[in-house]
Structures are given as structure tokens and as C-alpha cells.
1. Under the rule a/c < 1.5 gives rounded, and otherwise a/b versus b/c splits prolate from oblate, where does the stretch 13-147 land using the Cα gyration tensor?
2. How many percent of DSSP beta bridges within the stretch 13-147 run antiparallel, rounded to 5?
3. Note the full-extension length gain between residue 66 and residue 31 as 0.36 nm times their separation in residues minus their Cα-Cα distance, in nm to one decimal.
4. Just in the stretch 27-136: which chymotrypsin sites (Phe, Trp or Tyr not before Pro) are loop by DSSP and have at most 15 other Cβ atoms within 10 Å?
5. Which whole-Hz couplings ³J(HN,Hα) result when phi for each residue of the stretch 111-126 is put into the Karplus expression 6.51 cos²θ - 1.76 cosθ + 1.60, θ = phi - 60°, listed in order with x for Gly and Pro?
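Just so it is clear, none of the values below were taken in a lab; they were calculated from the coordinates. Given the structure is predicted, the values throughout are model-derived calculations rather than measurements. Cβ atoms come from the backbone with ideal geometry, glycine included; neighbour counts cover every protein chain shown.
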Amino acid sequence: MFLEIKNENRKGWIEVICGSMFSGKTEELIRRLKRAEFAQQKIQIFKPQIDTRYDALKIVSHEGREITSIPVQNSQSIQLLVDIENTDVVGIDEGQFFDSNLVEVATYLANHGIRVIIAGLDMDYKGNPFGVMPQLLAVAEYVTKVHAICVKCGNLAYVSHRISSSENLILLGEKDSYIPLCRQCFNNTFKKEQ
């Protein structure tokens, strides 16, 4: 299944858009999907079912841009729902929230001639690689790392620092829960909190 290629005339690949919160990952995903839609390519868009921050059925950027999507419970659902023969582009938001099989699903779709675009956080709030994202970065043909601006010093942000007291790895939140920090400000803040 991993290496099977069904249609040799269609060229598929994997693109990953990563970075901290407030860096424009979802905005860039929506931009690429809208361009594909404008080019009359057939697209299917997915997001994790747990992400209901702005809308249950749409991917919505912090700036308010939106695009309709299909909420799914796991990566296997994506593979089952994609119409392989009639889809040119698959978009997936919040890749870090999916299970490790997302790598296999993305590879399967790309091997079947589909352009797969995945956006997600590359690091968690502690500055560690987040979920399946490192593996996706390794198999992607194209990687775009976008940056927010550090709210303390104005340098490029490195991580989404959690300012709420929750220690759960997954905490859906916005500016009330996270701030983007550069490496130096994150290290200084993290040391003070310990």
C-alpha cells in the first residue's frame, strides 16, 4: 500500500506548512487551496474533529479567512473519504492532532497522484517536536516554515508558549492560552517558570 502507484500520468506530492501559533499556517493552507479551486482543480479538505474553535465544519484562520472542510476522527477516515479518481488536491489542517498513520495516508494519496497539503504546529508548548509532524516533514517534497513575531522582543517566534496553567499536551486555545516567543525569550521565560 505504501509504494503502490495507481495512475502514473498524475504526479502527486506532499507539502507541509509548519510553524508556531499565529504564524499564518492556516492562512497559507487556505491560500493554496483557494488557488487550486480557482484553477478548477478538485479539492477535498479535512480537519480533526476536536478542533471546533471557530467552526465545526470550516477551517478558519486567526484572520477570519475560511474554507469548508470535513471534520474527521483519525487519519484512516481521510483515506476512506478521499475520492482518489476525482481529487487533485487534499488539504489537511492541524496535522499535529492526527495519529501516526497520517504519514502513511499522505504517502498513499501522493502515490496516487494527489497533491497533499498539510498544515500544523511543528513543536508543542514545551518546545518539543509535536506528534506526527516530524515524520511528515521528513517525507514531504516541500516544507514551508512560517513564523510569528515574538511578543516580547519582536524577533521571529520559535515556539507557542502556553500562558494558561493547563499541562495537557493538547489544549485548544487562542491568545488567551498561547503567545509566540523567540528562542531566547522562551528559554528565559521557561527558566523563570521552573
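1. Rounded, since a/c falls under 1.5.
2. 15
3. Value of the extension gain: 11.6 nm.
4. Passing both the DSSP loop test and the Cβ count: 54.
5. Values, residue by residue: 5, 9, x, 9, 7, 10, 10, 10, 10, x, 5, 7, 9, 7, 5, 9 Hz.
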